[in-house]
Amino acid sequence: MARLVARIKILPAEADTNLDSVVKGLKGSIPAGMELKSHAKEPLAFGLHAIVGDFMLDDSEGQMDKLEEAIHSVAGVGEIQVMNISRASVKMK
């Protein structure tokens with residue numbers, strides 16, 4: 001089965017949300033068979049930052065929904081935006 005990489009932007013729920021604790025929560029809440037491959041903080045505006053994460057998951061029905069639900073369940077997560085989904089063999093920019 002093919003593996004996918006989903007690049008997702010995660011916006012904090014509050015301006016003072018600790019993004020490091022959100023990342024720890026993400027690593028602990030992701031379902032089996034998925035992983036947070038890498039992440040970076042991206043500036044938004046006025047000193048606010050978002051997390052951009054690359055998540056590995058299987059290319060099968062329902063996997064993206066499970067991942068989105070797991071991300072939304074983490075304390076401190078506001079909104080999420082799926083930026084890109086690609087096969088793991090393709091390098092994303």
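The values are calculated or read from the model by the stated rules, or taken from the named source; none is laboratory data. Note that the structure is a prediction, hence the values are computed from the model and not measured. All Cβ positions, even for glycine, are placed from backbone atoms using ideal geometry, and neighbour counts span all protein chains on display. Note: areas computed on protein heavy atoms with side chains; ligands, DNA, RNA excluded. Shrake-Rupley method; radii C 1.70, N 1.55, O 1.52, S 1.80 Å.
Data overview
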item	result
Residue count, segment 43-72 (criterion: farther than 21 Å from residue 17 by Cα and part of a strand (DSSP E or B))	4
Single match in 40, 6, 75 (criterion: touching a residue at least 12 places away in the same chain (Cβ under 8 Å), touching a Gly at 6+ places or on another chain (Cβ under 9 Å), part of a loop (DSSP other than H, G, I, E, B) and hydrophobic (A, V, I, L, M, F, W, C))	75
Complete set of residues in segment 50-72 that are open to solvent by 70 Å² or more (accessible area, probe 1.4 Å) and closer than 12 Å to residue 10 by Cα	72
Candidate set from segment 41-72 (those that are touching a strand residue (DSSP E or B) at 6+ places or on another chain (Cβ under 7 Å) and acidic (Asp, Glu)); member that is farthest from residue 25 (Cα to Cα)	59
Tally of residues being open to solvent by 50 Å² or more (accessible area, probe 1.4 Å) and more than 18 Å from residue 79 (Cβ to Cβ) across segment 11-37	7
Number of the exception - residue 88 against (1) at pLDDT below 90; (2) surrounded by fewer than 12 Cβ atoms within 10 Å (Cβ to Cβ)	(2)
Hits in segment 9-37 - residues which are aliphatic (A, V, I, L, M) and either in contact with a Ser or Thr (Cβ under 7 Å, 6 or more places away or on another chain) or not in a strand (DSSP E or B) (or both)	13, 15, 19, 22, 23, 26, 30, 32, 34
Segment 73-82, residues that are among the hydrophobic types (A, V, I, L, M, F, W, C) and either in contact with a Pro (Cβ under 6 Å, 6 or more places away or on another chain) or within 10 Å of residue 10 (Cα to Cα) (or both)	77, 80, 82
